[in-house]
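The structure appears right after this line, and notes come after that.
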Amino acid sequence: MVLRFLLKVFLYFTIFLIALPFLPVPLAFEPKPFVSTLPKFEGPLAQNTKLDDVEYLLKDVVYGPESMDVHNGFIYTGTIGGYIVRTTGSTRSTETVAKLGKKCGGRWEEEVCGRPLGLRFDKSGRLFVMDAYY
C-alpha cells in the first residue's frame, strides 16, 4: 500500500517536472511593436533597367550555383549533384574540379550527392568548400 502511494507520488512529480518548462509565465515587460521606415528608392536605389539586357552565361549547363569565386582566371562554383566546376566565363563549357558525396540517382537525393553551398579560396590558393550535408 505504501509502495503504491510512493509510486503515484513519484509519477505525479515526474510529470510535473516534465511539464514545468512548458507552463506559461507572466511577461515582466510590455511588448512594443517594431517600427521601421523604408528608405526612399532614389539615387543608387532607384529602379532601373540595367539587368534587362544581360547575357546569361552557362544557362542550361550549370544548375544551382550558390557561391562563386575567381582564382587564376577561372570562375569556380558548386552545383546541384555535389560537383565543383570551373569555367573561364568566355566559353560555354565547364570542367569538373571535384565531386562531393556519393553517386546518386538525381536531385531528389541531395543528401547523398552533397550540396556545396559556399566556396572561397584563401591567400595561398587553397579552396575551402561548405557543403550542406558533408
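Every read-out reported here was derived from the displayed coordinates using simple, explicitly stated rules and does not represent laboratory data. Please read all numbers here as calculations on a predicted model, not as lab measurements. With ideal geometry, Cβ positions are generated from the backbone for all residues, glycine too; neighbour counts draw on all protein chains shown.
Numbers at a glance
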| item | result |
| --- | --- |
| Ordering of 49-61, 93-105 by packing [mean C-beta count within 10 Å, highest first] | 93-105, 49-61 |
| GNM result for the chain, Cα springs below 10 Å: residue of 25, 35, 85 fluctuating most strongly | 25 |
| Residue 88 versus residue 68: modelled label distance in nm, points set 7 Å from Cα along the beta carbon direction | 1.6 nm |
| Calculated [θ] (222 nm, deg cm²/dmol) that DSSP helices of n ≥ 4 give over the chain, each run adding -39,500 (n - 2.57) | -5000 deg cm²/dmol |
| Acute angle (nearest 10 degrees) that the helix 2-19 long axis makes with the longest principal axis of the chain, alpha-carbon atoms | 30 degrees |
| Size of electric dipole in the chain: Cβ of Lys, Arg +1 and of Asp, Glu -1, about Cα centre, debye, nearest 20 | 600 debye |
| Under 29 Å from residue 99, Cα to Cα: lysines that are on another chain or at least 8 residues apart | 59, 123 |
